[in-house]
1. Taking the criterion of being surrounded by 14 or more Cβ atoms within 10 Å (Cβ to Cβ) and either in the same structural domain as M225 (by TED's automatic domain parsing) or of a type in the set (S, T, Y) (or both), would at least one residue in region 306-317 satisfy it?
2. Report yes if F63 is buried (at least 17 other Cβ atoms within 10 Å of the Cβ) and in the same structural domain as D115 (by TED's automatic domain parsing), otherwise no.
3. With respect to V148, determine if the residue is touching a Lys or Arg at 6+ places or on another chain (Cβ under 9 Å) and either assigned by TED's automatic domain parsing to the domain that holds A109 or at negative phi (or both).
4. Given A113, A98, which one is assigned by TED's automatic domain parsing to the domain that holds M75 and more than 18 Å from C29 (Cα to Cα)?
5. Do the conditions hold for A77, that is, is it crowded, with 24+ Cβ neighbours inside 10 Å and more than 24 Å from V256 (Cα to Cα)?
6. Taking region 104-143 on its own, how many of its residues are out of contact with any Ser or Thr (no Cβ under 8 Å at 6 or more places or on another chain) and β-branched (V, I, T)?
7. Among residues belonging to region 387-398 that are assigned to a strand (DSSP E or B) and in contact (Cβ under 8 Å) with a residue 12 or more places away in the chain, point out the one that is surrounded by the most Cβ atoms within 10 Å (Cβ to Cβ).
8. Quick one: in region 341-361, of everything that is in contact with a helix residue (DSSP H, G or I) (Cβ under 8 Å, 6 or more places away or on another chain) and modelled with pLDDT under 95, which residue is nearest to P276 (Cα to Cα)?
Amino acid sequence: MSELGTVFDDSTTFDGKRLHLAVCGSVACYRAADLVRAWGRLGLHVSVTLSAGARRFVAPMLFESLGAMPIYGDMFADGQEPFAHLEPGQRAQAMVVAPASADALSRLARGAACDMVSAQALAFDGPLVIAPAMNPRMWAHPATQTNVACLASYGARFVMPVSGETACGDTGQGRLAPLSEIFLAGLRALAPQDMAGLRVMVTLGPTREAWDGVRFWSNPSSGRMGAALAAAAWMRGAYVTCVCGPGIRATLPQEVRRVDVTDAKAMFEAARDLWPDADIGMFSAAVADFGPDPYAGGQDVKFCKADAPEGFSVKFHRNPDILQTLAADRRPGQKILAFAAETVAETADLAPLAHAKRARKNADILAANRVNGEDGAFGALSNRVVVVDAAGNEESWPAMSKADVAWGLCSWLLRP
């Protein structure tokens, strides 16, 4: 993981987009600099407004040094454009207020235009994301909650504060949300909402098939590809549920529902329960095709090597084929994205295997990748795939971030 620890930290999808960040007076405002840096790494053009309160904590030069441009201050300040309060609405495609103080929420809710932040927000007709941060008692006050509800009714999207100890020493809800959530919410505000209303199920990560009390059969899948698919679909407006194998470290957006399982049988049961209500199934999990028969001494007991001085054998049984079973039981209109992890000499060797597996599994689209060699997909930040579909189309994609692969696969799924 890099920067903020999300699967989209190294994406090129948003290169050239314009986002405006408003920073209000809060102890948490210094953290906004990390947002500017992270968005800038993706090629976004970020402009920033610092409220008078924010400038008591951080200097404009901090954001300038990170590439933000322009930096706005007070209304009608010397040297500032006369219509600076209108410019973000004319140039930026999304606006984020982070952190948003209680005072800022009050001004935004009543449509004030007495300072630069509130005037720019009032003149901004694109997606508005607000991440509040304040003392827990201020956050809980009915006036603040009324302002939040009012802004939400206007269409503002909130990244709600989290609970914990605040700078003043009080404990409760009021701390700025994790930067990863604000970062992704900003990207979502820039994304096309072409998956709005769709229900997407994603399986991701490995499965662990227990043998004795401490040992299991598994693989090194990190779940990063599946997490990228989930994040991409969520950004584009879908309702996403992930069935996650064990050991997943990839950050999922908080609004993505997560169902944690351990073995292939549990993953199958969870996916089977979710599948009837899904519009799209993305089957990226590296499910163990076989699992060891339980240790005769009991699965809660550790096998001791002294019990087999000459070695021993383990018998394996076949696990349920999640993809093939659910594909055979789908209703009209449901779409399936499948993956094939193969060991081949060259990426070019993937195509015939991909076509054969797509047909065998009855998937609409299948992405095949190598899991051997230097560009093996397991645990890597990037992926090189060959994509095929039911119409016989075939494309070989160059190595790119898994986020960009996920974005491309979502776009392919939306083709008529």
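1. Within region 306-317, the first condition is being surrounded by 14 or more Cβ atoms within 10 Å (Cβ to Cβ), and the residues that meet it are 316.
Within this subset, residues satisfying the condition of being either in the same structural domain as M225 (by TED's automatic domain parsing) or of a type in the set (S, T, Y) (or both) are 316.
Checked region 306-317: at least one residue is surrounded by 14 or more Cβ atoms within 10 Å (Cβ to Cβ) and either in the same structural domain as M225 (by TED's automatic domain parsing) or of a type in the set (S, T, Y) (or both).
2. Details: buried (at least 17 other Cβ atoms within 10 Å of the Cβ): yes; in the same structural domain as D115 (by TED's automatic domain parsing): yes.
So F63 passes the test.
3. Judged against the criteria, V148 is not a match.
4. Details: A98 fails: more than 18 Å from C29 (Cα to Cα).
Matching residue, one of A113, A98: A113.
5. no
6. Result for region 104-143: 2.
7. From region 387-398, those assigned to a strand (DSSP E or B) are 387-389, 394-396; that's our starting set.
When the remaining residues are screened for being in contact (Cβ under 8 Å) with a residue 12 or more places away in the chain, the result is 387-389, 394, 396.
Numbers: V387: 23, V388: 28, D389: 19, E394: 14, S396: 15.
Among those that are assigned to a strand (DSSP E or B) and in contact (Cβ under 8 Å) with a residue 12 or more places away in the chain, it is V388.
8. Residues of region 341-361 that are in contact with a helix residue (DSSP H, G or I) (Cβ under 8 Å, 6 or more places away or on another chain), as a first pass: 342, 344, 360-361.
In the following step, the residues that additionally are modelled with pLDDT under 95 were identified as 342, 344.
Values: E342: 29, V344: 35 Å.
The qualifying residue nearest to P276 (Cα to Cα) is E342.
The values are calculated or read from the model by the stated rules, or taken from the named source; none is laboratory data. Note that the structure is a prediction, hence the values are computed from the model and not measured. No Cβ is skipped: glycine too gets one built from the backbone with ideal geometry, and neighbour counts run over all protein chains shown.
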